[in-house]
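Structure provided below as structure tokens; questions to follow.
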Amino acid sequence: MKTSDSAGSSVGKIELVIGFSTLESRLEGLKLPPARPGRHIVIAVQSGTETQVTFDFEAMRAGRHDMNLILLAGRGVTKSRNRVLEAAIELGAEFLVFADDDVVFDETGLQSGVEYLQAHSDKDILLGRVIDETGALRKAYPAGFVSLSRFNSARAGTVEIMVRISALSKSGVRFDENFGAGANPNFLGDEYIFVSDMLTAGSRGVAVPFVFCTHPAVSSGTDWQDRKALSARAAVFKRVFGAASVFVRAGFAARKLGAGLRAGDYLRFVFNRF
């Protein structure tokens, strides 16, 4: 895979690629981490339209030799993340952590993730933690170190994911481009599908107590009242579990009854009838 533009390459071995996915209209707010040995930045920028990206990157990359730019027409975050993943493979990096344009990374947490994967060659996926602007955890995370499965990874967020590049190169697992932001009607769930596909392909993963980044808090309180979101979630479980998804949806959504999910919508969700 060839990147559309490049600011050079890091000197020496790349331990970790930090892979940003963003739209051209959001580039002004992008917060790049400082250059560090063993780190490399890949930024996939989508125009959001059918035309090509026209942003002037000169100021952003001034003095940086640790950055690759990938310029893409259109939109769809999974398309962008797949290009980031391919770039990390091409760079020969050890690990990859995914980023949105509004995150600020915690170097201590990232280094803890890198060292954990280096010390545990049987693990290919980590799900770290994210805090908001106040320092509070974005959600309830498992205590300590917990092995990942398709049953406990449904709430995975993309900026929580750190992966071993060689496992992705070997398995060929990529983000399903039929899901995720910019994909209609299935505009969510891409990160859960990605983790599930890695596990199904034989990778093993762990939820770890390392804070990878700060990410602004957003409310998801309407998720279980919004039928478009419910329909998309039902499709995600179908994608992950196939014919058995009806039973998984029933158990998963039962916890939301009386806490935002109406009885009629519960049945629609379980039987995927929207």
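If ALA229 satisfies every condition in (1) out of contact with any helix residue (DSSP H, G or I) (no Cβ under 7 Å at 6 or more places or on another chain); (2) closer than 17 Å to ARG150 by Cα; (3) not aromatic (Phe, Trp, Tyr) but one, which is the exception?
Of (1) out of contact with any helix residue (DSSP H, G or I) (no Cβ under 7 Å at 6 or more places or on another chain); (2) closer than 17 Å to ARG150 by Cα; (3) not aromatic (Phe, Trp, Tyr), only one is false for ALA229: (2).
Would you please name the residue that is surrounded by the most Cβ atoms within 10 Å (Cβ to Cβ), looking only at residues in segment 159-183 that are of a type outside the set (Gly, Ala, Ser) and part of a helix (DSSP H, G or I)? It would help to see each step written out before you state the result.
In the first step, residues of segment 159-183 are kept if they are of a type outside the set (Gly, Ala, Ser); the result is 159-165, 168, 170, 173-179.
Restricting the remaining residues to those that are part of a helix (DSSP H, G or I) gives 159-160, 165, 168, 170.
Working: VAL159: 21, GLU160: 26, ILE165: 21, LEU168: 22, LYS170: 13.
Step by step, filter segment 159-183, then rank; the result is GLU160.
Also: Give the number of residues within segment 1-34 that are over 22 Å from HIS215 (Cα atoms), surrounded by 14 or more Cβ atoms within 10 Å (Cβ to Cβ) and either within 21 Å of the chain's Cα centre (by Cα) or modelled with pLDDT of 90 or more (or both).
3
Please determine whether any residue of segment 216-237 is out of contact with any His (no Cβ under 8 Å at 6 or more places or on another chain), outside any helix (DSSP H, G or I), exposed (fewer than 15 other Cβ atoms within 10 Å of the Cβ) and among the basic types (Lys, Arg).
The answer is no; no qualifying residue exists.
On to the next question. So for segment 136-146 (the condition being outside any helix (DSSP H, G or I) and either outside the structural domain of SER196 (by TED's automatic domain parsing) or in contact with a helix residue (DSSP H, G or I) (Cβ under 6 Å, 6 or more places away or on another chain) (or both)), does at least one residue qualify?
Taking segment 136-146 and keeping what is outside any helix (DSSP H, G or I), we get 136-146.
If we keep only those that are either outside the structural domain of SER196 (by TED's automatic domain parsing) or in contact with a helix residue (DSSP H, G or I) (Cβ under 6 Å, 6 or more places away or on another chain) (or both) too, we end up with none.
Checked segment 136-146: no residue is outside any helix (DSSP H, G or I) and either outside the structural domain of SER196 (by TED's automatic domain parsing) or in contact with a helix residue (DSSP H, G or I) (Cβ under 6 Å, 6 or more places away or on another chain) (or both).
Those residues that are among the hydroxyl-bearing types (Ser, Thr, Tyr) and in a loop (DSSP other than H, G, I, E, B), I need them from segment 184-208; list them, please. Even if it seems obvious, please write down each step before you answer.
First, pick out the residues of segment 184-208 that are among the hydroxyl-bearing types (Ser, Thr, Tyr): 192, 196, 200, 203.
Scanning segment 184-208 gives a single hit, SER203.
Tell me, which helices (runs of 4 or more DSSP H) lie completely within segment 35-134 with 2 or more residues that are of a type in the set (A, V, I, L, M) and at pLDDT 95 or above? Steps first, answer last, please.
Details: elements: 58-61, 77-91, 107-119.
It comes to 77-91, 107-119.
In segment 147-158, how many residues are closer than 23 Å to ILE18 by Cβ, in a loop (DSSP other than H, G, I, E, B) and within 15 Å of the chain's Cα centre (by Cα)? So that I can check it myself, show each step before the final result.
Step one: list which residues in segment 147-158 are closer than 23 Å to ILE18 by Cβ, which gives 148, 153, 155-158.
Those still in the list that are in a loop (DSSP other than H, G, I, E, B) too: 148, 153, 155-157.
Add one more test, that the residue is within 15 Å of the chain's Cα centre (by Cα), and what stays is 153, 155-157.
Here the count works out to 4.
Would you check if there is a residue in segment 184-205 being at positive phi and surrounded by 15 or more Cβ atoms within 10 Å (Cβ to Cβ)?
Narrowing segment 184-205 to residues at positive phi: 189, 202.
From the residues that got through so far, the ones that are surrounded by 15 or more Cβ atoms within 10 Å (Cβ to Cβ) too are 189.
Among the residues of segment 184-205, at least one is at positive phi and surrounded by 15 or more Cβ atoms within 10 Å (Cβ to Cβ), which makes the answer yes.
Still on this structure: Could you list all residues from segment 103-150 that are closer than 21 Å to ASP197 by Cβ, among the aliphatic types (A, V, I, L, M) and crowded, with 17+ Cβ neighbours inside 10 Å?
Once the filter is applied, which keeps residues that are closer than 21 Å to ASP197 by Cβ, among the aliphatic types (A, V, I, L, M) and crowded, with 17+ Cβ neighbours inside 10 Å, segment 103-150 yields LEU117, ILE125, LEU126, LEU127, LEU148.
I want to confirm something. Restricting to segment 245-261 and keeping residues that are at negative phi and out of contact with any helix residue (DSSP H, G or I) (no Cβ under 9 Å at 6 or more places or on another chain), which single residue is modelled with the lowest pLDDT? So that I can check it myself, show each step before the final result.
Step one: filter segment 245-261 for residues at negative phi, giving 245-257, 259, 261.
Narrowing further to those that are out of contact with any helix residue (DSSP H, G or I) (no Cβ under 9 Å at 6 or more places or on another chain): 251, 255, 259.
Details: GLY251: 95, ARG255: 91, ALA259: 81.
Per the stated criteria, the residue is ALA259.
The values are calculated or read from the model by the stated rules, or taken from the named source; none is laboratory data. The structure presented is a predicted model; accordingly, all values stated were derived computationally and were not measured. A quick note on method: Cβ atoms are made from the backbone with ideal geometry, for glycine too, and the neighbour counts reach across all protein chains shown.
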